[in-house]
There are 2 protein chains.
Amino acid sequence: MKDKDYLMIPGPTPVPETVLMAHAKHPIGHRSKEFSAILNRCHAGLKWLFQTENDVYILTSSGTGAMESAMSNLVNPGDKVLSLVIGNFGARWGKIAASHGADVEVMEVPYGQAIDPEALKARLAADTNKEIKIITLTHNETSTGVTNPLADLMAVIKEHGALSVVDGITSIGAMDCPMDKLGIDVLVSGSQKGFMLPPGLAFIAVSERAHEARKETKYPGFYFDWVATRKSYNQETTPWTPAVNLIVALDAALQMLQEEGLQNIFDRHTKNAQILREGLKEMGMKLFVEDESIASKAITSVYPPEGVTVPEIRKTMKEDYSIVVANGQNDLKDKIFRMGTLGFVCERDVLTALASLKATVKKLAK
Amino acid sequence: MKDKDYLMIPGPTPVPETVLMAHAKHPIGHRSKEFSAILNRCHAGLKWLFQTENDVYILTSSGTGAMESAMSNLVNPGDKVLSLVIGNFGARWGKIAASHGADVEVMEVPYGQAIDPEALKARLAADTNKEIKIITLTHNETSTGVTNPLADLMAVIKEHGALSVVDGITSIGAMDCPMDKLGIDVLVSGSQKGFMLPPGLAFIAVSERAHEARKETKYPGFYFDWVATRKSYNQETTPWTPAVNLIVALDAALQMLQEEGLQNIFDRHTKNAQILREGLKEMGMKLFVEDESIASKAITSVYPPEGVTVPEIRKTMKEDYSIVVANGQNDLKDKIFRMGTLGFVCERDVLTALASLKATVKKLAK
């Protein structure tokens, strides 16, 4: 049915009508006082959401652009980067670092698991000459639905002293990720996730330590350069023409999030994920991440029931019930499917999805 | 008056209601067949607009992101880049190239003038060892309202053999810029210009020669990398989550442009700029670019009349007549103002602007 599809993928996520309407207005000039006022409100709202006193820069790009920004501003050819990988998106950090000439070491666990802080501690203890300059990690791994024990990992990294670069793309605005309290140096996210916006904006919060490290970078590039970005930020503008409409929409979305309140947002995501997981288990389905302590509050990965395939489930869910769920990625393709409860999602949406999935499985198992 | 402002700046430019409405729809999944169909139509439309058989990639970024993409994919540290500068945006190429380690030589003329093909010919004739790898140039210089003699310059560059990288940000969709006919290697543009879209997308057309040169690039970066981009393009998708809503809007805008027809689009811009220039002269105002042969069809720069300042004109135009015109940039700030007739602009808009400017000057001259 045309225009009826409901997205339960990890992104894009549903967008509130209030935000879509703000987004649909005619663009205004980006060098105007009106736009600076909007930008200032957005910067304040982002600092609140990232729980930081650091600058949070708005980039016109995908979330991957913010990841690139982190690496292009920090990496010199030959720099040692330790990349903690628990899925596809964690692996992306290493690829980006390598594209800027970094010497990348990967610490990986089987997909579906999280990084063990003790294992990280042992690896960093062996780095007696402090050769590791940067450690990249993922808060919530979108490809598997696993959330790393971020606070414990950050405590280990802080003891070592390397720069910590964290992917918060599917966690910010859904799960507690207090940048300053945890001592994160660089934290990135993207608009089409917990922010309840269409894709097209990315966000990057940068600590003073990271700005200091930037000073030693030989080939920082231009578009994502923090020096130009910070200079414009301090002048209440952006260095290049930004995605004006998306920023007007961000202003509306941040206002909605602030009205709801940080703890309420986290509680809502926790509750919705819990209801989804319980409902799936009641239907006899096997969860990909059984350990509750590392199961994501934003994305739930599930095995299909016996005798039914992932492509069949996705096809029937979409064609008969207008609900879009995601496939697994790479080795997990057609082995699991993923349901997002990230962003503008209420309990009714979860019940609707469960009812539709139940009907889907019933139909397919015949 | 709230919501009444009409933009006559060089970007963002006015957006048709049809396009805004397409842009306001709920985002769809970017890994769906529906989205691939939209993307394919956009790619075909862009090839038509760029007048090329080369791939035209859609980037989620500002136009400056497409400029970065050109340099990060082509420049190795130490490479010699000749940058032809006739204004602020021309100068940006050199800065980007330098940020990737290029050895940049600038060939500059006073702002308000174009590059003389004979002067370029002489410079390139002196490059007997063919040390110049890349030549950057601007088709239409947004900061001054000057259009370079692109066909003549391209003929000289082709004779030399360097890679030509052209900023078509304010010319594509407004002025004739036939990529293949002129032999341009890399051509970039941005959505908030002739494309009649909000800002947030950029476009880059890449020749086979440029793709060949990319193979030798040591630190190409990741987000803008042509190898990943081309691979996804051939699979009818994008490497990262794109600005889905803007691409749906692009589909609508390209359909409008195709219905109008290429020559009609160019003729409309030529006519509107002509009417604006004639009207300004009739009012006794002095044009910044008097030479008709290099005067832009997209942006017209004007000196304020005797006894009236640029800030006064901009303030009155905006506050009393809800028309936004742009200031000059850098050395030209407060010396000239700039009026855009780029994109979704008809003759009525030009007459309205002239009438409002006339009333503004009358009011201020009292």
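Let me know the shape class of region B:46-177, please: from the alpha-carbon gyration tensor, a ≥ b ≥ c as square roots of the eigenvalues, rounded when a/c is under 1.5, otherwise prolate if a/b is greater than b/c, or oblate.
Working: a/c = 1.39, a/b = 1.16, b/c = 1.19.
Rounded shape, in that the Cα axes give a/c under 1.5.
Using a 7 Å projection from Cα along Cα-to-Cβ, the label point at A:I275 is separated from the same position in the remaining copies by 5.7 nm, smallest value first.
Restricting attention to the protein assembly as shown, close to 50% of DSSP beta bridges with both partner residues there are antiparallel. Evaluating 6.51 cos²θ - 1.76 cosθ + 1.60 at θ = phi - 60° for every residue in region A:230-242, the Karplus couplings come out as 5, 4, 5, 4, 5, 9, 6, 8, 10, x, 10, 4, x Hz, glycine and proline recorded as x.
Extending 7 Å from Cα along the Cβ direction at B:K158 and again at B:C346 yields two label points whose distance is 3.8 nm. The residues packed around A:A91, meaning those with a beta-carbon under 14 Å from its beta-carbon, carry a net charge of -3 if Lys and Arg are +1 and Asp and Glu are -1. Taking the fewest neighbouring Cβ atoms within 10 Å as the starting point, the ordered list for B:I265, B:I275, A:I96 is B:I275, B:I265, A:I96. For A:P110, the distances from its label point to the matching points in the remaining copies are 7.5 nm, ordered from shortest, with each point set 7 Å beyond Cα toward Cβ. Per-residue ellipticity at 222 nm computed for chain B from its helices equals -13500 deg cm²/dmol, with DSSP H segments shorter than 4 residues left out and the rest contributing -39,500 (n - 2.57).
With label points set 7 Å from Cα along Cα→Cβ, the inter-copy distances at A:C346 are 4.2 nm, sorted shortest first. If you take all other residues with their beta carbon under 12 Å from the beta carbon of A:E312, and give Lys and Arg +1 and Asp and Glu -1, the sum is +2.
May I ask you to derive the relative contact order of chain A, considering only C-alpha pairs under 8 Å and at least 6 residues apart, and to give it as an integer percent? Could the numbers behind the result be given before it?
Numbers: 729 pairs, mean separation 87.8, N = 366.
This gives 24 percent for chain A.
Does chain B classify as rounded, prolate or oblate by the C-alpha gyration tensor (a ≥ b ≥ c root eigenvalues; a/c under 1.5 gives rounded; else a/b over b/c gives prolate, otherwise oblate)? Walk me through the numbers on the way to the answer.
Details: a/c = 2.02, a/b = 1.23, b/c = 1.64.
Oblate is the answer for chain B, as a/c is 1.5 or above yet b/c matches or exceeds a/b.
With Cα atoms defining each centre, region B:36-56 and region A:209-267 are spaced 31 Å apart in the structure. Nearest chain B C-beta to the B/A rotation axis, reported as residue and distance in angstrom, is B:A24, 2.
Annotation: amide H-H contacts under 5 Å for B:M107 (H modelled 1.01 Å from N, sequence separation of 5 or more, or interchain): B:S83, B:L84, B:V85. Could you pull out which residues in region B:163-191 have an amide N less than 13 Å from a spot 7 Å beyond the Cα of B:A151, following the Cα-Cβ vector? The answer is B:176-179, B:181-183, whose backbone nitrogens lie closer than 13 Å to the label point.
Does region B:16-93 come out rounded, prolate or oblate, given a ≥ b ≥ c as the square roots of the eigenvalues of its C-alpha gyration tensor, rounded meaning a/c under 1.5 and, failing that, prolate meaning a/b above b/c?
Working: a/c = 2.32, a/b = 1.97, b/c = 1.17.
Prolate, because a/c is 1.5 or more and a/b exceeds b/c.
Karplus-derived 3J(HN,Hα) values for region A:294-308, using 6.51 cos²θ - 1.76 cosθ + 1.60 with θ = phi - 60°, are 10, 6, 5, 8, 10, 9, 10, 9, 9, 7, x, x, 3, x, 10 Hz; glycine and proline are entered as x. Annotation: amide H of B:N327 within the under-5 Å range of B:R338, sequence separation 5 or more or interchain, hydrogens built in the peptide plane. For a label point 7 Å from the Cα of B:E319 along Cα→C-beta, name the residues of region B:348-366 whose backbone N is under 19 Å from it. Only B:356-366 pass the distance filter.
Working from Cα pairs under 8 Å separated by at least six residues, relative contact order for region B:242-330 is 17 percent.
Among B:H139, A:H26, what is the fewest-to-most ranking by other Cβ atoms within 10 Å? The partial results should precede the final answer.
Working: B:H139 27, A:H26 18.
With the fewest neighbours first, B:H139, A:H26 line up as A:H26, B:H139.
Could you work out the longest stretch of chain B that avoids the GluC sites (Glu not before Pro) located in DSSP loops with at most 14 other Cβ atoms within 10 Å?
The longest uninterrupted stretch comes out as B:132-215.
Of all DSSP-defined beta bridges confined to region A:18-258, some 40% are antiparallel rather than parallel. The calculated FRET efficiency for B:E259 paired with A:V308, based on their beta-carbon distance and R0 = 41 Å, is about 0.30. Length gained on full extension, A:L364 to A:E290: 24.1 nm, using 0.36 nm per residue less the C-alpha separation. Couplings 3J(HN,Hα) for region A:184-201, derived from phi with the Karplus relation 6.51 cos²θ - 1.76 cosθ + 1.60 (θ = phi - 60°), are 6, 7, 9, 10, 10, 8, x, 5, 8, 10, x, 7, 6, 10, x, x, x, 10 Hz, where x marks Gly and Pro.
For A:78-84, what's the mean count of beta carbons from other chains sitting within 10 Å of each residue's beta carbon? Before the final figure, lay out each step's value.
Numbers: counts 0, 0, 0, 0, 0, 0, 0.
The mean count of partner-chain Cβ atoms within 10 Å per residue comes to 0.
Across region A:141-225, the mean sequence separation of Cα contacts (distance under 8 Å, 6 or more residues apart), normalised by length, yields a relative contact order of 21 percent.
Around the amide H of A:Y6, modelled in the peptide plane, lie the amide H atoms of A:I323, A:V324, all under 5 Å away and 5 or more residues distant in sequence or on another chain. In the Gaussian network model of chain B, springs joining C-alpha atoms below 10 Å, which of B:P220, B:P198, B:P27 carries the largest mean-square fluctuation? Fluctuation is largest for B:P27.
Every read-out reported here was derived from the displayed coordinates using simple, explicitly stated rules and does not represent laboratory data. Just so it is clear, the model here is predicted, and its values are computed rather than measured. A quick note on method: Cβ atoms are made from the backbone with ideal geometry, for glycine too, and the neighbour counts reach across all protein chains shown.
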